[in-house]
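Novice: Pasting a structure below so you can have a look.
The values are calculated or read from the model by the stated rules, or taken from the named source; none is laboratory data. Since this is a predicted model, take the numbers as computed values, not measurements. No Cβ is skipped: glycine too gets one built from the backbone with ideal geometry, and neighbour counts run over all protein chains shown.
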Amino acid sequence: MKTSSTNSPVVRAFKHGDEQDRWLTQLRQNNRVEETPDVDSIFKKLKENRVDAMFSQPAVYRKKLRDLALENSVVIQDWTPNERPVPHGLILAKSRFSEKEAHQWRQLIEAMRTDGTLKRIYERYLPPSEAAKLLEK
């Protein structure tokens, strides 16, 4: 990064991927990472010019930048183009879903992946190349 005072906020306990997490470990050692409670806080700081650089996923930053009218205020670069996406999951509360119901949800999502529904949803909001990355197993 450009200067030794570069500020990079991250959501506390969020995983960005192996390579980006290694960079963040180095930045933390130099006190250049600010832990935040949620992604909205980071983008609010970006709008207030209190962020120098940050890691974010396409599905998140595209919406947040558009919502805050910041698309022309940033440069987006993929510093880890060969890294596989960080896996994400649907979290179901055990108090609300039985194991059978959770299994049915898993089957439903897999059916949506197979029949192209997830791809169509992702491509509504993301370029095809980014949608394809989200569908990688």
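Novice: Kindly list, by first and then second residue, each pair from a residue in segment 39-58 that is closer than 19 Å to R28 by Cα to a residue that is among the β-branched types (V, I, T) and in a helix (DSSP H, G or I), limited to pairs with Cβ atoms under 7 Å and residues at least 6 apart or on different chains.
Specialist: Final answer for the pair search is V39/V60; V51/I42; M54/I42.
Novice: Among the listed residues L90, L46, L68, which satisfies the condition of being under 20 Å from Y125 (Cβ atoms) and not assigned by TED's automatic domain parsing to the domain that holds D21?
Specialist: Details: L46 fails: not assigned by TED's automatic domain parsing to the domain that holds D21; L68 fails: not assigned by TED's automatic domain parsing to the domain that holds D21.
None of the other options fit; the residue is L90.
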